[in-house]
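To start, the structure under review is shown below, and the notes come after it.
Nothing in this text is a laboratory measurement; each read-out follows from the coordinates by a stated rule. Quick caveat, the model's predicted, so the values are computed rather than measured. Cβ placement follows ideal geometry from the backbone for every residue including glycine, while neighbour counts extend to all protein chains displayed.
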Amino acid sequence: MDEKLPRIDTEPTPDGLSAAVLGEWSAAALAAPGQWLRVAAALQAADGAPVWDVRRVARMDHVGAQALWNAWGRQWPATLQASPGQRAMLERVAQFSVIPPVPQRLGIKDHFLRLGAWVLRVEGHVVDALRLVGQLMLDCVQLLRSPGRGPWRDFSGHLYRIGATALPITALVGFLIGVVLAYLMSRQLRQLGADAFIVNILGVSLVRELGPVLAAILLAGRSGSAITAQIGVMRVTEELDAMKVMGIARGYRLVMPRALAMALAMPLVAVWTTLAALLGGMIAADLSMGLPPAYFVSALSRAVKIANLWLAMGKSMVFGVMIALIACHYGLRIKPNTQSLGEGTTASVVTSITMVILVDALFAVVFREVGI
Amino acid sequence: MSTPAGLVQAQAPAAQPPIVEIRQLWSAFRSGGVQTIIHQDLDLNIAQGELLSIVGGSGGGKTVLLRQILGLETPLRGSVTVLGRPAHALARPGSAGRVGMLFQHGALYSAFTVLENIAFPLRELRGLPADLVRDAVLVKMQMVGLEPQHANKMPADLSGGMIKRVALARALIMDPTLLLLDEPTAGLDPDRSDEFCKLLRSLHRELDLTVVMVTHDLDTIFETSTRIAVVAEKHVIVEGPPQQVLAFDHPFVREFFLGGRGNRAMELLRNPTHAV
């Protein structure tokens, strides 16, 4: 048998059962697979022994001492043979062992109070969101009054980070979606002999719907989460408080530049995504149906009215401001701990994507007569 | 024992290998492609049972030295051996528990309660019953002076001093051989700081710990340390018992210990209120 295994040898003596504790009584040794069950059984077997000898224990730590002390029913055995060090450790465990505090149980009143807290939290969200929108408008008015003093450096930085750096990924996603859609549609349309209509279907769906929504979803995931995390970490590291103390309005310096950058970048990224998707569709149509690109381009301008593009850019701008505001809203609500940071970022992305799709449906209903 | 005391003492260091052995250590950090050398040919031995304070100017590489001992940084050159193994092997799963670290800001997991924070290393072993883990945590909490009713609180609800205590209890939960402390008294008021020194001394004595501490606080240094190592000019310029370090003639040592600030601590050293 391994000498290090924690174990107990019992033997009857004239004074009663004598228990000799052997092996290594440390947290790591006791936690080895299957060990604790064996040790617990051995402790059970030696229960009530009046004589305990721990002198031959190879190594004992506080967890091992605690295991012994608990097995003794939290009182000293009649005879204990231990080295001074071991005795000191056991005495320390004995001195500090307490009845653990009982976790509080929730009563009906607590549940009622929790419900109240939930209602207040929802109300807080609504009020904060409203305040953020109002503050953004006031900040925009202030910017118009004295444009020279606006946070233009921040604005251009965000424009680069939100817009320019998103171009490759949005182009890739748009292109592939265009290819897939055109390929699938071409097979259906060929059965009906309506090959030429692929330009109409692809054009309207991409320009009016898919381009802006794809771009918005990508930017919500990419930049929305980044904004929330950035502002959230500023809260954790007390940068927001420092800003307040310095008398710098966080709405003007943090929220507005991001919202404006999003408002400008989003329509441009949406058009870019649409162009990439149309390019993909054009190539797929050429390859699968033999539709020449020149025809595709000329038919596109006839099939899709320019109003569709304006509508797409208009709603992209709304999406952009919305994503930025939702991201800032959740960022500013983050509490200074890591869990809250994770929850806030997730909530920000989920809320923005949901809102994008809801508002897109709203646009579809309101502008159903435009451009069709 | 019949052997003369002096002989035993002379043999002791040879018989027991040092807990930490740093040889010709070079450390550097890289930022924006520029490499800054922090340590250059740094040598340091830490023996069993010592309470060593590492002092030095801000940005002098004290915390990096601690991180080297913990195996969180990679040496540019030289070696760091902790408990007979290369320091970087400490960070591997399965070899945890022999070294405890108190980080400067506690590094408590904000999503866990106090009890869960302290129990974390024990629970990671998987195999100890929950009530034994809880009892062991409560004992460690009381050892560092935390009342059991704080067990279910979240770190966000604790004061700075309490966070330090919880972090200390967590560092001690596996009964480490070596305890590292980064600025343990920074952010504590003088009373709390004194209390912490007392606690540290008693833990050092009772648990037979080897303690390595980085601090700027002269009171803490002189009240607790058995040895001081001064890190300046990228290496250890002097190390030894407090008196020996104070007697060393070097501008940094004079400035650090014997300037206006140092007088009070010197007074404490001349009239010790207790045996260190």
- Item | Relative contact order, percent, segment B:156-221 [alpha-carbon distance under 8 Å, six or more residues apart] | 41 percent
- For every other residue with a beta carbon closer than 14 angstrom to the beta carbon of A:GLY320, add +1 if it is Lys or Arg and -1 if Asp or Glu, then tell me the sum. +3
- Message: From the convex hull of the Cα coordinates of segment A:253-355, what is the mean projected area in square nanometres?
- Response: 8.8 nm²
- Note on the structure: Note on chain B: alpha-carbon gyration tensor, axes a ≥ b ≥ c; rule is a/c under 1.5 for rounded, else prolate if a/b larger than b/c, else oblate; result rounded
- Of A:LYS4/B:LYS62; B:LYS62/B:LYS198; A:LYS109/B:LYS164; A:LYS4/B:LYS198; A:LYS335/B:LYS198; A:LYS109/B:LYS153, which ones are farther than 29 Å apart at the Cα? A:LYS4/B:LYS62; A:LYS109/B:LYS164; A:LYS4/B:LYS198; A:LYS335/B:LYS198
- Message: For A:LYS315, give me every one of the aspartates and glutamates with a C-alpha distance below 16 angstrom, ignoring sequence neighbours fewer than eight places off in its own chain.
- Response: A:GLU209, A:ASP360, A:GLU369
- Message: If you split all Cα-Cα distances of segment A:82-181 into 10 Å bins from zero, what percentages do you get per bin, shortest first?
- Response: 11, 13, 14, 16, 15, 14, 12, 5, 0
- Item | Degrees between helix A:225-236 axis and first principal axis of chain A (Cα, 0 to 90, nearest 10) | 50 degrees
- Task: Provide a whole-number value for the mean count of partner chain Cβ atoms within 10 Å of the Cβ atoms in peptide A:52-62.
- Result: 2
- For A:LEU309, what is the net charge nearby, where nearby means another residue's Cβ is under 15 Å from its Cβ and Lys, Arg count +1, Asp, Glu -1? +3
- Within-14-Å neighbourhood charge of B:LEU158 [Cβ basis; K, R +1; D, E -1]: +2
- Residues whose modelled amide H sits under 5 Å from the amide H of B:VAL238, counting only those 5 or more places away in sequence or on another chain, are B:VAL230
- Message: Show me the ranking of peptides B:102-111, A:218-227, A:359-368, A:249-258 by mean Cβ neighbours inside 10 Å, starting with the highest.
- Response: A:218-227, A:249-258, B:102-111, A:359-368
- Note on the structure: Here FRET efficiency (C-beta to C-beta, A:GLU3 to A:VAL233, R₀ 60 Å, nearest 0.05) is 0.70
- Task: May I ask for the equivalent-ellipsoid semi-axes of segment A:98-253, computed as the square root of five times each C-alpha gyration tensor eigenvalue and listed largest first in whole Å?
- Result: 44, 29, 17
- For the peptides B:169-176, B:40-47, what is the packing order when you average, over each peptide's residues, the other Cβ atoms within 10 Å and list the highest mean first? B:169-176, B:40-47
- Task: Put one equal scatterer on each alpha carbon of the protein assembly as shown, apply the Debye formula with no solvent term, and list log10 I(q)/I(0) at q = 0.06, 0.10 1/Å to two decimals.
- Result: -0.55, -1.04
- Hey, what did chain B get for relative contact order, percent, Cα under 8 Å, at least 6 apart? 22 percent
